[in-house]
Amino acid sequence: METEQLVKKAIKGNDDAFLQLIQIYKVDLYKTALSFLRNEEEALEAIQEVTYRAYKGIRKLKEASYFKTWLIRIMINYCNDQLKKQKRVVINEEVLESIGVTENHSEMELRDAMLGLDERSREILTLKYFHDLKIKDIAGTMQCPEGTVKTWLNKALKALREKLEERGGNLNV
Amino acid sequence: MFKREEEQLNEFKKEYDNIPLSLDKLDQAIMTGFNKAKLEERRSKRKKNSIYSFIAAALLFIGLFSSIRISPVFASYISEIPGMEKIVELIRYDKGRLAAVENKYYQELGVTSEVKDGLKVTLDGTIADEMGIVLYYTLHSEEKQKSMMIDKVKLRAKDGTALDEASISYGAPHESEKGQHSYSGEIEYFFEVPLTTKEYMIDIEVSGEKYSLPFTLKDFKKKKEYPINQTMELEGQKINVEKVIVYPLRIAVYLEADHKNEKQVLNFDDLRIVDEKGEVWGKILNGVTGTGTNGKKQEIYLQSNYFHEPKELYLVLNSAQAVNKDELFVVVDPQQQKILKQPEANMIRDVKVVGNDLAFTMKMKEFPYGMFSEAFGMSGEKIEIDYNYMTAEENGVSIHGLSTRKEPIKLKLSFYPSWIKGNEKIRIK
């Protein structure tokens with residue numbers, strides 16, 4: 001309830017309320033960024049950009065209770081944009097190595113599978129499983145019926161299974 | 001159905017629960033993003049304010065949304081004239097202009113320009129008197145526009161009579177996020193000497209095209225003049241009121257603060273006209289609020305009660321902004337971002353330098369006045385002020401070339417949140 005009060009204030013232009021909200025969700029935002037992007041540096045840049053985008057857009061947020069979903073979605077959109085840009089950049093060996101060192105195998109596997117999905121599936125799975133958000137809230141922020149979100153979620157899980165099996169299969173050969 | 005995948009996703013999430021992170025760096029990133037957004041916000045607000053500051057010196061914009069009482073007669077009158085609702089919208093914060101419409105002193109024009117580049121201009125109507133012309137216009141665009149504004153206006157008398165303009169205002173840019181086909185606004189002209197002719201031509205420039213529209217004014221209603229020659233006094237500070245002139249568009253109060261006063265009166269905050277029943281006509285809320293210089297002869301403008309015939313009429317004042325005459329300047333050190341001197345009321349809390357801006361935070365919630373009229377170097381050389389601006393938290397001023405200045409600067413106050421109070425009431429009628 002208290003958060004919702006803050007959100008209402010922030011929508012009206014209260015800067016302190018806005019900054020408090022970002023404080024509440026900064027770790028969630030950071031983890032999301034890290035799950036999509038390559039390293040700490042990029043994740044911090046993402047935090048910066050998302051704070052900026054959120055501030056500029058908060059007046060347009062209609063439903064205060066969707067704030068968290070709304071905010072995380074800004075981060076996901078930002079990360080998706082970055083991923084598109086990265087596809088054009090050749091990853092050098094150093095980066096590949098550092099990923100290999102810092103992350104364990106299962107994380108790598110799922111992460112790669114996630115990054116291989118389409119944007120919508122990746123978004124739905126991140127919101128639902130990474131942030132434990134309710135279908136209702138996701139539907140609310142995306143302005144579509146809950147049924148649609150459920151369909152998307154099923155498709156996303158199916159696609160994820162396929163990706164994982166693809167990899168698993170390769171390993172087993 | 002997808003139990004295994006869901007478990008894996010949960011595992012994936014847990015791995016991020018213990019991820020090392022630097023809170024300092026996170027906070028730094030948040031503040032960088034936040035400041036970037038604030039800077040842009042300030043810039044866009046400033047843009048708007050700088051446009052206002054070209055319009056006239058003594059403009060005061062208060063987003064006051066007062067409800068208007070509409071009589072059944074007035075309501076039916078409004079519905080008779082096409083497009084009247086949008087004009088009522090424009091004048092709803094000015095009782096005098098509403099009364100002018102109600103008393104059929106509003107004159108329909110309905111003059112439309114030719115279409116140029118998908119755009120045309122209509123003069124919907126006017127309210128005018130011997131000292132001023134207010135024109136209501138609509139800009140029409142074939143395509144939806146998110147933003148439109150008049151770049152320039154020029155009024156000419158058809159017979160070539162020179163017009164001695166005291167002030168011209170043609171409003172802020174019109175904006176709509178969704179985009180609109182038309183925008184309505186007002187153009188206000190006030191003059192130093194009474195108008196002698198009735199036929200005019202106005203050139204309106206929008207998006208690089210010029211539209212010329214002719215119009216002819218009806219006969220003006222004559223002014224009502226009340227000589228006063230009395231003195232008002234707030235906390236020992238004397239204000240000599242010479243006369244009050246009531247025009248259909250506004251009331252002009254002619255006054256001058258006494259030269260022997262210890263304090264300089266900066267603003268007559270609640271100067272107003274009250275009739276025998278207690279009905280009040282206050283200051284102009286959106287437009288030119290006064291002319292003249294503090295401490296010299298001044299004219300203060302109030303909403304007009306021209307169309308109201310009261311038995312008695314009073315001029316009332318309770319509160320005015322004032323500072324000691326030797327405290328008229330605020331001295332700021334831009335290098336240290338410090339206030340070196342300000343009036344004893346000590347109402348400015350802090351100053352920050354952002355680019356060429358001095359951003360002041362006040363000890364009060366809101367002070368919607370541009371505080372400074374002039375800036376000087378310590379040796380007295382004048383420095384140009386680009387504009388004053390106000391946001392919810394800041395009351396700022398942009399000083400030309402501030403970022404390269406090392407020396408303190410002196411800012412002359414035109415408004416300041418310290419008041420003298422009293423209970424002054426002068427009978428006018």
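The values are calculated or read from the model by the stated rules, or taken from the named source; none is laboratory data. Computed from a predicted structure; not experimentally measured. Every residue, glycine as well, gets a Cβ built from its backbone with ideal geometry; the counts of neighbours run over all protein chains shown. Areas reflect the complete protein model, heavy atoms only, side chains present, ligands, DNA and RNA absent. Shrake-Rupley method; radii C 1.70, N 1.55, O 1.52, S 1.80 Å.
Remarks
- Among residues of region A:155-166, those that are open to solvent by 50 Å² or more (accessible area, probe 1.4 Å) and under 12 Å from A:ARG120 (Cα atoms), counted: 1
- Candidates in region B:370-404 are the residues that are part of a loop (DSSP other than H, G, I, E, B) and surrounded by 18 or more Cβ atoms within 10 Å (Cβ to Cβ); of these, the one that is modelled with the lowest pLDDT is B:GLY370.
- Selected residue (only one of A:ILE58, A:ILE24 is open to solvent by 50 Å² or more (accessible area, probe 1.4 Å) and among the β-branched types (Val, Ile, Thr)): A:ILE24
- A single entry from B:GLU143, B:GLU114, B:GLU165 fulfils the requirement of being under 27 Å from B:GLY290 (Cβ atoms) and surrounded by fewer than 18 Cβ atoms within 10 Å (Cβ to Cβ): B:GLU165.
- Going through (1) over 23 Å from B:GLU242 (Cβ atoms); (2) of a type in the set (D, E, K, R); (3) within 23 Å of the chain's Cα centre (by Cα) one by one, B:LYS296 falls short only on (1).
- B:ASN18, sole failed condition from (1) out of contact with any strand residue (DSSP E or B) (no Cβ under 8 Å at 6 or more places or on another chain); (2) closer than 22 Å to A:GLN20 by Cα; (3) more than 8 Å from every other protein chain (Cβ to nearest Cβ); (4) not hydroxyl-bearing (Ser, Thr, Tyr): (2)
- So B:LEU155, is it closer than 19 Å to B:PRO248 by Cα and surrounded by 15 or more Cβ atoms within 10 Å (Cβ to Cβ): no
- Restricting A:LEU19, A:LEU44, A:LEU34 to those that are open to solvent by 20 Å² or more (accessible area, probe 1.4 Å), within 9 Å of chain B (Cβ to nearest Cβ) and at pLDDT below 90 reduces the list to A:LEU34.
- The number of residues in region A:5-16 being in a helix (DSSP H, G or I) and either crowded, with 21+ Cβ neighbours inside 10 Å or more than 8 Å from chain B (Cβ to nearest Cβ) (or both) comes to 8.
- Positions within region A:50-74 being in contact (Cβ under 8 Å) with a residue 12 or more places away in the chain and within 14 Å of chain B (Cβ to nearest Cβ), in sequence order: A:VAL50, A:THR51, A:ARG53, A:ALA54, A:TYR55, A:GLY57, A:ILE58, A:ARG59, A:LEU71, A:ILE72, A:ILE74
- Where a residue in region B:28-50 is over 15 Å from B:GLU393 (Cα atoms) and its partner, wherever it lies, is of a type in the set (A, V, I, L, M) and modelled with pLDDT of 85 or more, with Cβ under 6 Å and at least six apart: B:ALA29/A:LEU44; B:ALA29/A:ILE47; B:ILE30/A:ILE22
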